[in-house]
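The values are calculated or read from the model by the stated rules, or taken from the named source; none is laboratory data. Note that the structure is a prediction, hence the values are computed from the model and not measured. Cβ atoms come from the backbone with ideal geometry, glycine included; neighbour counts cover every protein chain shown.
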């Protein structure tokens, strides 16, 4: 889809005309739904996904450009960032949606817990590599898909990849979703005036491919949600992400955690989510682990 920087949304009826949106985890689920919704609003879309076949299919369906990247490999993230930078003279919105809950205490080739790397470290790296484009684009914003599961998270900077013996899969996921909130808050604090803003969002309880390989999610999350109606669809889950991507006043949710559309900076978050020192320390550690400047 061609970039149309001079498009007038007041005449086209497409409020995102002329804007470029990069969406990760967009080969299925709410990422794919968000790509479809934002494309319908006139945005130029770049979709990132792990599966070449699924990513290409979403790109074709939405008129987007597909970029393949496995977030369990930092080398893939760096290659994808270089490709996106080449494709995009501007980035108005980066939606860090890629993530998952992975079975077992597995490690990536980079030496990190798979859940922590895919859900936090890889998005942190991608955002850092795309920061020049985001900084150069007036009014840019970063949207991070978090989860209400963050309330069960606990961050131990000395053991970022902790995997407790009981419910280890879920707790590692909850930790990573808490990291998403702290990442958004510290990015908001560090950003220069004018952007990018950063917002973490819980999209709701969504019936998608999420957690398909983990028994706890299959039995305690996905199967019960299969009995739920519209509130659990991928399209419904994409709506809060699209709302932040398109809202005219992103500064009002800069550094915030939204439970779907409403800020929940104290309710549904643990005390660590409001610790500015922890946010700074997590940022510094993450930068070191992914080999970015602090």
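Condition check for residue 102 on (1) more than 25 Å from residue 266 (Cα to Cα); (2) at pLDDT 95 or above: one failure, at (2).
Residues that are more than 13 Å from residue 24 (Cβ to Cβ) and touching a strand residue (DSSP E or B) at 6+ places or on another chain (Cβ under 6 Å) within the range 49-61 comprise 52, 56, 59, listed in sequence order. Here the condition is being under 14 Å from residue 148 (Cα atoms) and either at pLDDT 95 or above or surrounded by 13 or more Cβ atoms within 10 Å (Cβ to Cβ) (or both); of 280, 260, 266, 274, it holds for 260 alone. So for the range 82-97 (the condition being out of contact with any helix residue (DSSP H, G or I) (no Cβ under 9 Å at 6 or more places or on another chain) and at pLDDT below 95), does at least one residue qualify? The answer is no; no qualifying residue exists. Of 149, 192, 158, all but one fail to be at pLDDT 95 or above and within 28 Å of residue 262 (Cα to Cα); the exception is 149. The condition (being surrounded by fewer than 21 Cβ atoms within 10 Å (Cβ to Cβ), at pLDDT below 95 and outside any loop (DSSP other than H, G, I, E, B)) is satisfied by just one residue among 212, 222: 222.
At least 2 residues being surrounded by 19 or more Cβ atoms within 10 Å (Cβ to Cβ) and in contact (Cβ under 8 Å) with a residue 40 or more places away in the chain is the threshold, and among the helices (runs of 4 or more DSSP H) wholly inside the range 24-114 those reaching it are 29-40, 74-87. Quick one: is residue 129 closer than 30 Å to residue 157 by Cα, touching a residue at least 24 places away in the same chain (Cβ under 8 Å) and touching a helix residue (DSSP H, G or I) at 6+ places or on another chain (Cβ under 6 Å)? Yes, satisfied.
Okay, residues lined up against (1) buried (at least 19 other Cβ atoms within 10 Å of the Cβ); (2) in contact (Cβ under 8 Å) with a residue 60 or more places away in the chain; (3) farther than 22 Å from residue 29 by Cα; (4) touching a strand residue (DSSP E or B) at 6+ places or on another chain (Cβ under 7 Å):
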site: 133; (1), (2), (3), (4): yes, no, yes, no
site: 142; (1), (2), (3), (4): yes, no, no, yes
site: 146; (1), (2), (3), (4): yes, yes, no, yes
site: 150; (1), (2), (3), (4): yes, yes, no, no
site: 166; (1), (2), (3), (4): no, no, yes, no
site: 176; (1), (2), (3), (4): yes, yes, no, no
